[in-house]
Amino acid sequence: MYLSALKIKNFRQFGHDNHALNIQFNEGVTALVGENDAGKTAVIDAIRYVLQTRDAEYLRLQIEDFHIANDGTQAETITLRCTLEGLSVAELGAFAEYVTYTGGVGRLYVHWSARRVVASASTRKWVDISVRSGENGEGPALDVGVRQLLATAYLKPLRDAEREMSPGRNSRLSQVLSSFPNIEAGNSFDSAALPVDLSDAEALSIAGMGDLLRHLVNRHGAIVSAQKEINETYLRPLSLAGQPLTSSIGFGEARTDPAKLKQILERLELGLLDHATGKARGIYGLGSNNVLFMACELLLLGKEPDGLPLLLIEEPEAHLHPQRQLQLMEFLEAAARPSAGLRPVQVILTTHSPNLSSKIPLQNLVLMQRQQAFSLAQSQTCLAPDDYRFLSRFLDVTKAGLFFAKGLLVVEGDAEAILLPSLARRLGKDLTKHGVSIINVGGVGLRRYSKILQRKDASKGEITVPTACITDMDVMPDCAPEIMSLKGVKGSVWPDKADRRWRAMKDFGITPADLEKGLKEHRDKRTESDGQCVRTFVADHWTLEYDLAFQGLSKEVHHAGYLAINEDKIDEGKETKDSLLKKADTAFAKIQSTYTTEEARCSAIYKLFKRASKAIAAQHLIDLIDQRFEARTLDAITLRGLLPTYVVHAIEYATGGSALATTSSSAHTVTVPTAPNPGSADPVEEVAK
């Protein structure tokens, strides 16, 4: 039996009708990811209200839990419904009067509703709560015993694991131990027939061992003396005639063996041992205590013979370093699979950790965005099965940041990843302030990553994270092959098109009309996967470095490449940056005088990058641009005119995510900024102002 679905209506940020929340859960692990205030905690709390939790903490409904619409009106009723599927024959029998059959399949619906009786929560009876079965709550009310079987285990965020794991009444460890088979096995203690040796003592039950210890403690000289002193010196003078006061020192004075066993188990604690010495470590850190806590919860759920094996965890990464987080995720996935002597445990967690998200299979993620839940299962996204296999290998922690961003810039190389944040900041579009993440896919799988955010059925809602994919046009000017000294090129004689990987302008047409048509088809092919929140911004001409030079930053791009080639000389102290810049001035002037067209000059500049690291050159280019800003020879408006239009438009599109406006109380209808046409006039003027 597992929780397969949850429906939320008029609860906190979730409204009603089209703005209610419907969320599906996996049978194993489901991770809720997304930005703050997206509704992850509300989902967990809704489950807690419906199914209740095993701890003693009472979750009290608050007046602010009732949804408030944009017009200020507050809902009168909250409706929450959990759907439980996969019931075994025994479970179908145990919940027989509550099960609903559809198409021969039995499901257990738990329909929870709260209706405000009065407008204020100041009175005791301000809300009327009912819990019934049936798809629409038309079945019988669930009794206390049934609700106890459905109660979940819950680990709250910023939890005090040390307190939760400490000995005491109904401690977690005592519950785990009591679920083990043969925990009550062994002989009873008989004071008339004391154990002769250690083997006789080991044959006692745990309750019997407690009785033996109690017998020995009560016979200890110090205990006997203390008890006599208390009774004769203090209690006897305070006694009334016929009502003597007499005490007895002891522990665990329960009358029955089950009660004695419970008292003993509640006094036990679980601790970690030092790896080297094998001895107890004493005080443990928050991370270690959290691991112990989660291990106990999973063991308890797995060992229990009945009930719903569901564990809710908010922010399991709390207090854990990155490697321990990855281990924890593997552990949770293992616990969700059947194993010898343990039931599979369903785990529903919330996380803000890209590290943890990268370890969870993509199809097990649910992206919470603008009060909607988007499952990333295969049937829900535009990803093909081979895309999931690819992403399972390459979706690392740096790329998992896409699940928590308000906007995305998906790039194909280190140069773009280094340059774009600086350029955006200089344009007045700081990526950090706008919540935009850069995802560097390294030239592999650009389309696959963007499809993560595209829904197969957009009628059920779209993810509204503006995703700008930036890619090269990869069409060089006709003069470039000779200038670049490409293999097999002799003047205007080139190798056959089928024998080379590069493409130049004339490969797409001889006449202006044919050339325009060929380039358009080439560009359109790069944008064919666009749709919903995903837009692709293609270089205006060739590559980022060439286009930067061609648009107006030719000197800066040249000098950045020159410095990158000679980086080692700077590190070794053979040259200074200033001396290299003087040499770069001479080399740049030579290029300007040697070539007559801007295409040829920029091709000669781009030739530097056959030797220069693009990433290191990008760092130098940022420094050169910053120097011009500090010298006041460059400002945001001028820089905007010196940048390729596709770069500016991509930044504008991605940073539009923080300004997306809602049209309803649940923010389901969202206006996504339209990608500007790369060939059109710039629609945004004087961005720095």
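The values are calculated or read from the model by the stated rules, or taken from the named source; none is laboratory data. Source: prediction; values computed, not measured. FYI the Cβ positions are ideal-geometry reconstructions off the backbone, even for glycines, and counts take in every protein chain you see.
Contact annotation: residue pairs with Cβ atoms under 9 Å, 6 or more positions apart or on different chains, pairing a residue in the stretch 23-49 that is in contact (Cβ under 8 Å) with a residue 40 or more places away in the chain and farther than 20 Å from G86 by Cβ with a partner that is among the acidic types (D, E) and part of a strand (DSSP E or B), are K40/E314; T41/E314; I44/E314.
Give the residues of the stretch 600-615 that are in contact (Cβ under 8 Å) with a residue 60 or more places away in the chain and over 16 Å from S554 (Cβ atoms), sorted by residue number. Across the stretch 600-615, the qualifying residues are K610, K614, A615. Just to verify a result, which residue in the stretch 405-430, among those that are touching a residue at least 12 places away in the same chain (Cβ under 8 Å) and in a loop (DSSP other than H, G, I, E, B), is surrounded by the fewest Cβ atoms within 10 Å (Cβ to Cβ)? It comes out as G428. None of A42, A75, A38 is in the same structural domain as G137 (by TED's automatic domain parsing) and farther than 29 Å from A336 by Cβ except A75. Would you check if G461 is more than 25 Å from E412 (Cβ to Cβ), in contact (Cβ under 8 Å) with a residue 40 or more places away in the chain, small (G, A, S) and surrounded by 14 or more Cβ atoms within 10 Å (Cβ to Cβ)? Considered against the rule, which asks whether it is more than 25 Å from E412 (Cβ to Cβ), in contact (Cβ under 8 Å) with a residue 40 or more places away in the chain, small (G, A, S) and surrounded by 14 or more Cβ atoms within 10 Å (Cβ to Cβ), G461 comes out as yes. Being in contact (Cβ under 8 Å) with a residue 40 or more places away in the chain and touching a Phe, Trp or Tyr at 6+ places or on another chain (Cβ under 9 Å): is that true of V534 here? For V534, the condition - in contact (Cβ under 8 Å) with a residue 40 or more places away in the chain and touching a Phe, Trp or Tyr at 6+ places or on another chain (Cβ under 9 Å) - is not met. Only one entry of S248, S225 meets the criterion of being outside any loop (DSSP other than H, G, I, E, B) and more than 19 Å from L261 (Cβ to Cβ), and that entry is S225. Restricting the stretch 378-401 to residues that are under 18 Å from the mean Cα position of the chain (by Cα), assigned to a helix (DSSP H, G or I) and at pLDDT 85 or above, the residue that is nearest to Q363 (Cα to Cα) is Y388.
For residues that are of a type in the set (V, I, T) and surrounded by 18 or more Cβ atoms within 10 Å (Cβ to Cβ), scanning just the stretch 132-152, find the one that is nearest to T102 (Cα to Cα). Steps first, please.
Residues of the stretch 132-152 of a type in the set (V, I, T): 144, 146, 152.
Then keep just the ones that are surrounded by 18 or more Cβ atoms within 10 Å (Cβ to Cβ); that gives 146, 152.
Values: V146: 21, T152: 26 Å.
This residue is V146.
The residues on offer are A618, A589, and the sole one that is assigned to a helix (DSSP H, G or I), surrounded by 20 or more Cβ atoms within 10 Å (Cβ to Cβ) and either among the aliphatic types (A, V, I, L, M) or in contact with a strand residue (DSSP E or B) (Cβ under 9 Å, 6 or more places away or on another chain) (or both) is A618.
One residue stands out in the stretch 261-292 among those that are within 21 Å of the chain's Cα centre (by Cα) and under 19 Å from E333 (Cα atoms): the one that is modelled with the highest pLDDT, namely V291.
For the stretch 63-105, which positions are of a type in the set (V, I, T) and either over 35 Å from the mean Cα position of the chain (by Cα) or over 23 Å from I23 (Cβ atoms) (or both)? Within the stretch 63-105, I63, T73, V89 meet the criteria. Inspection of the stretch 444-457 finds a residue satisfying the criterion of being at pLDDT below 90, closer than 21 Å to L548 by Cβ and crowded, with 19+ Cβ neighbours inside 10 Å.
Number of residues in the stretch 503-551 that are at positive phi and in the same structural domain as P466 (by TED's automatic domain parsing): the value is 2. The set of residues from the stretch 460-496 being over 19 Å from V366 (Cβ atoms) and outside any loop (DSSP other than H, G, I, E, B) comprises A468, C469, I470, T471, M476, A480, P481, E482, I483, K490, V493.
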